[in-house]
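Participant: Here it is, the structure, as structure tokens.
The values are calculated or read from the model by the stated rules, or taken from the named source; none is laboratory data. It should be emphasised that the depicted structure is a prediction, and the values quoted were computed from it without experimental measurement. With ideal geometry, Cβ positions are generated from the backbone for all residues, glycine too; neighbour counts draw on all protein chains shown. Remember, those area values only see protein heavy atoms, side chains included, never the ligands or the DNA or RNA. Shrake-Rupley method; radii C 1.70, N 1.55, O 1.52, S 1.80 Å.
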Amino acid sequence: MAHDFEALKARVRDISYTPGTDALRHISPLLLQAQDLTATALVRLTALDNSTYTSVAGSRAGLELMASIVSSSSLAGTDLAHVVLANPYEGAQFAGYPADDEAVRTVRHAEAIPKMNGHLDDAVHQLDLCAIGCHYLAHGITEDLTTAHKNKPAATAPRSTVLPDLEVHRTP
């Protein structure tokens, strides 16, 4: 999952768009991917909570970290939804109101761009927290299970079936 969060973070960080329809076309897939990652993280939290890992010393911290990943992922989705909201759309005014001229359109875009970019920056930050959290969690689960394995006879050691794809990166 860490690589998925890192890949989405890179896409959000490197996005190029023009306010209006173009921005909606570029942001929508990112928002949907963030929502998918949030759902995946929630499924992983549930699996972890229902696993034998919960009987291992230190597992509560792992569960809380996974919950924070769910939260940060959800916040990244919210930040992307705020980009969609801040985007200046080009629909027609109500009957009786004059259509925007090019100067008004330019001002609306100029005011929207910093807001949109701020929300994109916030999403990048939340996605970074998710990726870092996944790395820490994978390392922590490995350490917890190793410690539990050392402290118990081999026949009763917990099985390492929890979140196998969180990607453990060991340092020498």
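Participant: Check LEU65, LEU85 and return the single one that is touching a helix residue (DSSP H, G or I) at 6+ places or on another chain (Cβ under 7 Å) and among the hydrophobic types (A, V, I, L, M, F, W, C). Lay out the reasoning, then the answer.
Facilitator: Numbers: LEU85 fails: touching a helix residue (DSSP H, G or I) at 6+ places or on another chain (Cβ under 7 Å).
None of the other options fit; the residue is LEU65.
Participant: Another question, then. Considering only region 137-150, I want to know if a residue exists there that is open to solvent by 80 Å² or more (accessible area, probe 1.4 Å) and modelled with pLDDT of 95 or more.
Facilitator: So far as region 137-150 goes, no, none of its residues is open to solvent by 80 Å² or more (accessible area, probe 1.4 Å) and modelled with pLDDT of 95 or more.
Participant: Would you say ARG44 is outside any loop (DSSP other than H, G, I, E, B), open to solvent by 40 Å² or more (accessible area, probe 1.4 Å) and either out of contact with any helix residue (DSSP H, G or I) (no Cβ under 9 Å at 6 or more places or on another chain) or more than 30 Å from ASN151 (Cα to Cα) (or both)? First the steps, then the outcome.
Facilitator: Working: outside any loop (DSSP other than H, G, I, E, B): yes; open to solvent by 40 Å² or more (accessible area, probe 1.4 Å): yes; either out of contact with any helix residue (DSSP H, G or I) (no Cβ under 9 Å at 6 or more places or on another chain) or more than 30 Å from ASN151 (Cα to Cα) (or both): no.
It is false that ARG44 is outside any loop (DSSP other than H, G, I, E, B), open to solvent by 40 Å² or more (accessible area, probe 1.4 Å) and either out of contact with any helix residue (DSSP H, G or I) (no Cβ under 9 Å at 6 or more places or on another chain) or more than 30 Å from ASN151 (Cα to Cα) (or both).
Participant: Does any residue of region 81-92 turn out to be more than 30 Å from LYS152 (Cβ to Cβ) and within 14 Å of the chain's Cα centre (by Cα)?
Facilitator: Yes, region 81-92 contains at least one residue that is more than 30 Å from LYS152 (Cβ to Cβ) and within 14 Å of the chain's Cα centre (by Cα).
Participant: Name the single residue that is modelled with the lowest pLDDT among those in region 47-72 being open to solvent by less than 70 Å² (accessible area, probe 1.4 Å) and either on the phi > 0 side of the Ramachandran plot or not in a helix (DSSP H, G or I) (or both). Talk me through it step by step, then tell me what you get.
Facilitator: Of all residues in region 47-72, those open to solvent by less than 70 Å² (accessible area, probe 1.4 Å) come to 47-48, 51, 53-54, 56, 58-59, 61-63, 65-72.
Narrowing the set further to residues that are either on the phi > 0 side of the Ramachandran plot or not in a helix (DSSP H, G or I) (or both) leaves 51, 56, 58.
Values: SER51: 93, VAL56: 91, GLY58: 87.
The qualifying residue modelled with the lowest pLDDT is GLY58.
Participant: If you don't mind, another one. Could you list, in sequence order, the residues of region 6-41 that are under 12 Å from the mean Cα position of the chain (by Cα), open to solvent by less than 90 Å² (accessible area, probe 1.4 Å) and in contact (Cβ under 8 Å) with a residue 12 or more places away in the chain?
Facilitator: Result: GLU6, LEU8, LYS9, VAL12, LEU30, LEU31, GLN33, ALA34, LEU37, THR38, THR40, ALA41.
Participant: List the pairs whose first member sits in region 60-88 and is more than 24 Å from ASN117 (Cα to Cα), whose second member is among the polar types (S, T, N, Q) and open to solvent by less than 10 Å² (accessible area, probe 1.4 Å), and whose Cβ atoms are under 8 Å apart, counting only residues at least 6 apart or on separate chains?
Facilitator: none
Participant: Could you check, for region 44-54, whether at least one of its residues is in contact (Cβ under 8 Å) with a residue 40 or more places away in the chain and under 11 Å from the mean Cα position of the chain (by Cα)? Can you show your working first?
Facilitator: Here is the first cut: in region 44-54, the ones in contact (Cβ under 8 Å) with a residue 40 or more places away in the chain are 44, 47-48, 51-53.
Narrowing the set further to residues that are under 11 Å from the mean Cα position of the chain (by Cα) leaves none.
No: zero hits.
Participant: Sticking with this structure for a sec: Please identify the pairs in which a residue from region 121-132 that is closer than 15 Å to ALA7 by Cβ has its Cβ atom under 6 Å from the Cβ atom of a residue that is surrounded by 21 or more Cβ atoms within 10 Å (Cβ to Cβ) and of a type in the set (Val, Ile, Thr), counting only partners at least 6 apart or on another chain.
Facilitator: ALA123/VAL12; VAL124/VAL12; CYS130/ILE69
Participant: Of (1) surrounded by fewer than 14 Cβ atoms within 10 Å (Cβ to Cβ); (2) in a helix (DSSP H, G or I); (3) in contact with a helix residue (DSSP H, G or I) (Cβ under 8 Å, 6 or more places away or on another chain), PRO114 satisfies all except one. Which?
Facilitator: (3)
Participant: Between a first residue in region 94-111 that is without any contact (Cβ under 8 Å) to a residue 60 or more places away in the chain and a second residue that is assigned to a helix (DSSP H, G or I) and open to solvent by less than 80 Å² (accessible area, probe 1.4 Å), which pairs have beta carbons less than 8 Å apart while being 6 or more apart in sequence or on different chains?
Facilitator: Pairs found: ASP100/ARG108.
Participant: Just checking, does region 85-96 include any residue being assigned to a helix (DSSP H, G or I) and at pLDDT 95 or above?
Facilitator: Yes, some residue in region 85-96 is assigned to a helix (DSSP H, G or I) and at pLDDT 95 or above.
Participant: Only one of these is out of contact with any strand residue (DSSP E or B) (no Cβ under 9 Å at 6 or more places or on another chain) and open to solvent by 60 Å² or more (accessible area, probe 1.4 Å): LEU80, LEU75. Name it.
Facilitator: Numbers: LEU80 fails: open to solvent by 60 Å² or more (accessible area, probe 1.4 Å).
Exactly one of LEU80, LEU75 is out of contact with any strand residue (DSSP E or B) (no Cβ under 9 Å at 6 or more places or on another chain) and open to solvent by 60 Å² or more (accessible area, probe 1.4 Å), namely LEU75.
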